Amino acid sequence: MNLSAETEEKVMFDDIASMLRTFEEKRENLMPILQEIQEKYRYLAPPALEMVAKRLGLSSCDVYGVATFYNQFRFNPPGKHQIKVCLGTACHVRGGDIILENFERKLEIQAGQTTPDREFSIDRVACVGCCALAPVAIVDDTVYGHMAPSKVEGVILGFEIEKERKEREKQDSESQE
Amino acid sequence: MVTLIVDNKEIETQEGSTLLQACLDNGIYIPNLCYLSGIEDPPGSCRLCFVEIEGYDQPRTSCRVRVQQGMVVRTNTEHVRRLQKTAFELLLSTHHVDCRNCPANKKCELQRIAKFLHFGLKLKRLEPLERDIEVEHEHPFLEYIPTRCVLCGKCVFVCRKRNGQPMLSFAKRGFDTVISFFGEKDKAVDVCKECYACAEICPVGALLVKDSPNIPNP
């Protein structure tokens with residue numbers, strides 16, 4: 001993890017600490033708190049769960065049990081590029097799980113995880129509403145219909161080339177100055 | 001005291017006791033995994049303790065039924081056995097059966113139930129569906145082997161009872177459900193060091209004291 005990510009986390013934990021003070025120590029506040037953290041930071045960091053447990057007088061593993069039960073919570077920071085692979089009925093029938101597997105293998109992470117460089121994260125979703133295009137993957141805001149295992153590499157490569165191009169431009173402008 | 005008839009035998013038991021407890025106290029064994037005597041609200045989740053009670057159409061889980069005066073109960077009907085065998089078969093289908101290398105061998109509740117139901121530990125009808133979960137090595141004193149766990153919840157119950165706040169709990173959902181020791185590593189050092197109630201209560205050798213033999217890939 002680089003330095004900026006560390007300071008970012010520290011700011012997040014400080015903010016969560018002050019947010020927690022606005023809640024009463026009642027068990028029924030558990031879900032609203034978790035939802036608020038998820039809403040604001042897009043993930044529940046393990047230390048945040050421990051902070052919540054302490055505030056509400058619950059055991060950490062109880063909080064973890066509740067949080068892991070629900071699909072709406074994630075435990076890794078989302079990547080810069082979010083890959084969502086549809087596993088709804090139509091996509092499932094057309095081999096959506098194979099697409100998911102290909103993304104997982106290519107990026108060496110599992111669904112729900114983020115690459116160590118925080119560039120990509122993979123999630124499985126259930127139906128994005130364009131079943132005619134099955135199997136579907138959504139990367140950031142772009143819908144990729146009629147996905148094929150062979151197209152997975154190309155999608156990732158596109159982002160990597162884009163990243164390299166931006167870096168080169170940045171370097172060029174810096175050297176010109 | 002309450003009198004009831006179980007398998008044509010008259011038994012006496014205390015009022016308010018569960019039917020399962022009454023039978024066990026009187027030497028009538030009914031297969032069970034998730035029931036613990038003293039548990040106020042039995043989860044009834046293992047689906048093994050079915051009995052037929054006169055006046056009810058369907059078999060009932062005996063851990064969830066309170067005894068009543070004059071109850072007539074049968075524990076070994078064909079319907080009951082079929083339900084028990086199916087529930088047991090489903091449990092076995094996700095259980096890594098390797099008794100020879102398991103520390104619970106010969107005292108395993110699954111072996112006892114298999115013997116009682118005359119049911120082999122080898123699957124015939126169902127395909128094995130082992131869960132691909134790694135062994136939990138994070139706890140300082142305990143090992144958790146999810147492929148052996150039947151998710152009876154006894155460990156969570158005894159831990160909560162003894163330590164107020166449990167050091168372990170169910171996590172995730174459905175087929176991915178596991179027992180997790182999330183958080184409070186420091187507290188675990190003080191509390192778990194002298195307790196081990198969870199490892200003692202585990203009916204299948206899924207929770208072990210660290211450094212005991214037969215832990216897969218340490």
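Could you list all residues from the stretch B:162-198 that are basic (K, R) and free of Cβ contacts under 8 Å to residues at least 40 places away in the same chain? Outline the logic, then answer.
From the stretch B:162-198, those basic (K, R) are B:162, B:172-173, B:185, B:187, B:193; that's our starting set.
Result: B:R162, B:K172, B:R173, B:K187.
Of everything in the stretch B:160-182 that's in a loop (DSSP other than H, G, I, E, B) and more than 22 Å from B:S93 (Cα to Cα), which residue is farthest from the other protein chains (Cβ to nearest Cβ)?
Step one: of the stretch B:160-182, the residues in a loop (DSSP other than H, G, I, E, B) are B:164-168, B:172-173, B:177, B:181-182.
With the extra rule that they be more than 22 Å from B:S93 (Cα to Cα), the set shrinks to B:164-168, B:181-182.
Numbers: B:G164: 9, B:Q165: 4, B:P166: 6, B:M167: 7, B:L168: 6, B:F181: 6, B:F182: 4 Å.
Only one residue tops the list, namely B:G164.
Would you confirm whether or not the stretch A:56-74 contains a residue that is among the basic types (K, R) and in the same structural domain as A:A137 (by TED's automatic domain parsing)?
No - not one qualifying residue is present in the stretch A:56-74.
Is there a residue in the stretch A:157-172 that is surrounded by 15 or more Cβ atoms within 10 Å (Cβ to Cβ) and not assigned by TED's automatic domain parsing to the domain that holds A:I37?
If we filter the stretch A:157-172 for residues that are surrounded by 15 or more Cβ atoms within 10 Å (Cβ to Cβ), which is where we start, we get A:159.
Right, trim to not assigned by TED's automatic domain parsing to the domain that holds A:I37 and you get A:159.
Checked the stretch A:157-172: at least one residue is surrounded by 15 or more Cβ atoms within 10 Å (Cβ to Cβ) and not assigned by TED's automatic domain parsing to the domain that holds A:I37.
Residues of the stretch B:1-60 being in contact with a His (Cβ under 9 Å, 6 or more places away or on another chain) and of a type in the set (A, V, I, L, M, F, W, C), which ones?
Result: B:F50, single match.
Examine the stretch B:12-20 for a residue that is more than 15 Å from the chain's Cα centre (by Cα), assigned to a loop (DSSP other than H, G, I, E, B) and not polar (S, T, N, Q), and state whether such a residue exists. Lay out the reasoning, then the answer.
First, pick out the residues of the stretch B:12-20 that are more than 15 Å from the chain's Cα centre (by Cα): B:12-19.
Filter once more, so that each one left must be assigned to a loop (DSSP other than H, G, I, E, B): B:14-17.
Add one more test, that the residue is not polar (S, T, N, Q), and what stays is B:15-16.
Yes.
Can you tell me which of B:L91, B:L126, B:L110 is modelled with pLDDT of 90 or more and either more than 24 Å from B:A171 (Cα to Cα) or over 18 Å from the mean Cα position of the chain (by Cα) (or both)? Steps first, answer last, please.
Numbers: B:L91 fails: either more than 24 Å from B:A171 (Cα to Cα) or over 18 Å from the mean Cα position of the chain (by Cα) (or both); B:L110 fails: either more than 24 Å from B:A171 (Cα to Cα) or over 18 Å from the mean Cα position of the chain (by Cα) (or both).
Only one candidate passes the filter, namely B:L126.
Looking for whichever is in contact with a Leu (Cβ under 8 Å, 6 or more places away or on another chain), free of Cβ contacts under 8 Å to residues at least 40 places away in the same chain and surrounded by fewer than 18 Cβ atoms within 10 Å (Cβ to Cβ) here; the options are B:E78, B:E40, B:E10. Which one fits? Show your work before the answer.
Numbers: B:E78 fails: in contact with a Leu (Cβ under 8 Å, 6 or more places away or on another chain); B:E40 fails: in contact with a Leu (Cβ under 8 Å, 6 or more places away or on another chain).
The conditions single out B:E10.
Quick one: would you say B:C155 is closer than 19 Å to B:L110 by Cβ, assigned to a helix (DSSP H, G or I) and within 14 Å of chain A (Cβ to nearest Cβ)? Please lay out each step first, then the result.
Details: closer than 19 Å to B:L110 by Cβ: yes; assigned to a helix (DSSP H, G or I): yes; within 14 Å of chain A (Cβ to nearest Cβ): yes.
Answer is yes for this residue.
Which residue, of A:P149, A:P135, A:P77, A:P116, is surrounded by fewer than 16 Cβ atoms within 10 Å (Cβ to Cβ) and closer than 28 Å to B:R173 by Cα? Break it down stepwise before answering.
Details: A:P149 fails: closer than 28 Å to B:R173 by Cα; A:P135 fails: surrounded by fewer than 16 Cβ atoms within 10 Å (Cβ to Cβ); A:P77 fails: surrounded by fewer than 16 Cβ atoms within 10 Å (Cβ to Cβ).
Only one candidate passes the filter, namely A:P116.
Does the stretch B:132-148 contain at least one residue that is in contact with a Ser or Thr (Cβ under 9 Å, 6 or more places away or on another chain), more than 27 Å from A:P47 (Cβ to Cβ) and more than 14 Å from every other protein chain (Cβ to nearest Cβ)?
yes
Can you give me the ranges of the helices (runs of 4 or more DSSP H) entirely in the stretch A:8-122 with at least 3 residues that are within 14 Å of chain B (Cβ to nearest Cβ) and modelled with pLDDT of 90 or more? Explain how you work it out, then say what you get.
Working: elements: A:30-41, A:46-56, A:60-69, A:89-93, A:96-107.
In the stretch A:8-122, A:46-56, A:60-69 are the helices (runs of 4 or more DSSP H) which contain 3 or more residues that are within 14 Å of chain B (Cβ to nearest Cβ) and modelled with pLDDT of 90 or more.
Can you pull out every residue in the stretch B:88-107 that is surrounded by fewer than 20 Cβ atoms within 10 Å (Cβ to Cβ) and not polar (S, T, N, Q)?
Within the stretch B:88-107, the subset surrounded by fewer than 20 Cβ atoms within 10 Å (Cβ to Cβ) is B:89-91, B:93-94, B:96-101, B:103-107.
Selection gives B:E89, B:L90, B:L91, B:H96, B:V97, B:D98, B:C99, B:R100, B:P103, B:A104, B:K106, B:K107.
Scanning for something within 22 Å of B:C34 (Cβ to Cβ), aliphatic (A, V, I, L, M), touching a His at 6+ places or on another chain (Cβ under 9 Å) and in the same structural domain as B:E15 (by TED's automatic domain parsing), does the stretch B:83-97 turn up at least one residue?
Step one: of the stretch B:83-97, the residues within 22 Å of B:C34 (Cβ to Cβ) are B:83-97.
Now drop any that are not aliphatic (A, V, I, L, M), which leaves B:83, B:87, B:90-92, B:97.
After this cut, where a residue has to be touching a His at 6+ places or on another chain (Cβ under 9 Å) as well, the list is none.
No.
The values are calculated or read from the model by the stated rules, or taken from the named source; none is laboratory data. Because the structure is predicted, anything quoted here is derived from the model rather than measured. Methodologically, a virtual Cβ is constructed for each residue, glycine included, from the backbone with ideal geometry; neighbour enumeration extends over all protein chains shown.
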